[in-house]
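Notes follow the structure.
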Amino acid sequence: MEVVVQRAVERLRLPEPVIRTSPDEDFVQVVHVPTWMWVERSAWGPVSVSAAVEGVEVMATARPRRAVWSMGEGGQVVCRGPGTPYSDAYGPKASSPDCGYTYRRASLAAPGKAYRVSVQVTWDVEWQGGGQSGVVPGLVIGAQRQLVVDEVQTVVTR
């Protein structure tokens, strides 16, 4: 049974997470302003595959369990879902309801003047076949990108 389960797990093609942020990841994040993070929904959902060895067939379904974000300045965020995309329904100063981070320092001193942000999505695989079932936990698929973080200075004039 172990061989057919292993074959099914190997055949799973888990999607690479696509990192999204608000402010948009192609623009500058701002110190002390909440950054919203999410993984595109197309990369967050069940993936199923079957495999057979010597007449024993196993159906395996992988489901994402959590996303662990490393924010580049030392902070880490664990999100139990893909995160919530920002929309105008939220105020501009609102924090994400489920997956956000607020930078404390600008990235000017970091290599390339940007923080390397990564997300690691952990998947659990449930399988059944041949009168048995089980779970293969902890498959991890990740992605990373650079984020520029800057400070906004205010000038008071009379």
Could you tell me which of rounded, prolate or oblate describes segment 77-155, using a ≥ b ≥ c as the square roots of the eigenvalues of the alpha-carbon gyration tensor, with rounded for a/c under 1.5 and, failing that, prolate when a/b is larger than b/c and oblate otherwise?
oblate
Check each of the GluC sites (Glu not before Pro) in segment 41-78 and keep only those in coil by DSSP with at most 10 other C-beta atoms within 10 angstrom; list them in order.
54
Between the residues 154, 61, 97, the Cα farthest towards the positive end of the dipole of the chain, that dipole coming from +1 and -1 charges on the beta-carbon of Lys, Arg, Asp and Glu, is from 154
(1) 43; (2) 56; (3) 32, with the label sought being that of the calculated percent of Cα pairs over 25 Å apart:
(1)
Where does each of 141, 19 land when they are ranked from fewest to most other beta-carbon atoms within 10 angstrom?
141, 19
Enumerate by residue number the chymotrypsin sites (Phe, Trp or Tyr not before Pro) in segment 1-83 meeting two conditions: DSSP loop (anything except H, G, I, E, B), and at most 15 other Cβ atoms within 10 Å of the site's Cβ.
27
For the chain: relative contact order, % (alpha-carbon pairs under 8 angstrom, 6 or more apart):
28
Counting each DSSP H run of 4 or more residues in the chain as -39500 (n - 2.57), what helix-only mean residue ellipticity at 222 nm follows after dividing by all residues, to the nearest 500 deg cm²/dmol?
-2000 deg cm²/dmol
Cβ-based net charge around residue 35, under 15 Å, with every Lys or Arg adding one and every Asp or Glu removing one
-1
Relative to the first principal axis of the alpha-carbon coordinates of the chain, what is the inclination of helix 2-11, with its axis defined by its Cα atoms, in degrees from 0 to 90 and to the nearest 10?
40
Using the 10 angstrom Cβ neighbour count as an exposure proxy, how do 90, 101, 115 rank, fewest first?
90, 101, 115
When 70, 42 are ranked with the fewest other C-beta atoms within 10 Å first, the list becomes 42, 70
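Bear in mind that the values in this text are calculations on the coordinates, not laboratory data. No experiment lies behind these values; they were computed from the predicted model shown. Virtual Cβ from ideal backbone geometry, glycine too; neighbours counted across all protein chains shown.
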